[in-house]
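Below you'll find the structure, written out as structure tokens, and then a few comments.
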Amino acid sequence: MNKKTLIFLLSAMLFLTTSFIVYSWTEPTTPMPGGYTAPLNTSATAQNKVGELGAASFVDADDSNYYINPSGDSIMSGNVTTSGNIITARPTESDQVTTKGYVDEQIALVRSIVTGAQTLVNGAHTWNECEAAGGTVVDSDVELKQCRFELTACPSGWNQYNNFSEVLVTTAYCYSSFGYLIGSCATPQKPWGNQTFGCSCMSGSPTQYYEVPCCDPDGPSTGCWICLAAPRNAIGCF
């Protein structure tokens, strides 16, 4: 290779290198350090970010057992201090944070129990009204109470709650739908509870008897054999 060719090649390479350096440079649009974005790094130096920082979860660098998951469960250690309100759902378990609404409900419930103003099941009467009518407030099959009367039927203005009652040992009589007495059957004692108190009676011709169930434990009904239930000695009302 002669000297002229070598000089030409070196000149061309120098020209290309200089052009690459010049045209690849992007001049800052604002005075430094403005406009310069510092990347997140692993240094011990604190960093501030004006915009949002997104991640699937934020894990404690000292202990990965503690983390914050914005869209899932989070586990933290230590106190949580806030200058505003914490908005949360109504508690469903004993170890969950309570809300003001839940606390207010419990206070109102305690006050109603103390004053006797708590409503019975179905909300028609209160504890006070039950006791004033001569009844006793007892449990029902739901959270609210019912009123037990030592009577065969609920007092005027009260209704029987489901089939709550109590029946002593007695004899029940079986009638046809036309009012004819066709037999009787013993009704054993039924303790207090939510149950019916019917029985089965024998009916049929003198040569053939068969047992038919009661279709109305409280009185005659059209079109079937009737077994009148033994009288109650206690009944649940609301």
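Within the shell of other residues whose beta carbon sits under 12 angstrom from the beta carbon of residue 99, the net charge comes to 0, with Lys and Arg scored +1 and Asp and Glu -1.
A simple rule links phi to the HN-Hα coupling: the Karplus curve 6.51 cos²θ - 1.76 cosθ + 1.60 with θ = phi - 60°, which for region 157-168 gives x, 10, 10, 5, 8, 6, 10, 5, 5, 9, 10, 8 Hz, with x for Gly and Pro.
Counting Lys +1, Arg +1, Asp -1, Glu -1, what net charge surrounds residue 195 among other residues with beta carbon under 13 Å of its beta carbon? Net of charged neighbours comes to 0.
Readers should treat all values here as calculations from the given coordinates under stated rules, not as data from a laboratory. On a predicted model such as this, the values are computed, not experimentally measured, just so you know. With ideal geometry, Cβ positions are generated from the backbone for all residues, glycine too; neighbour counts draw on all protein chains shown.
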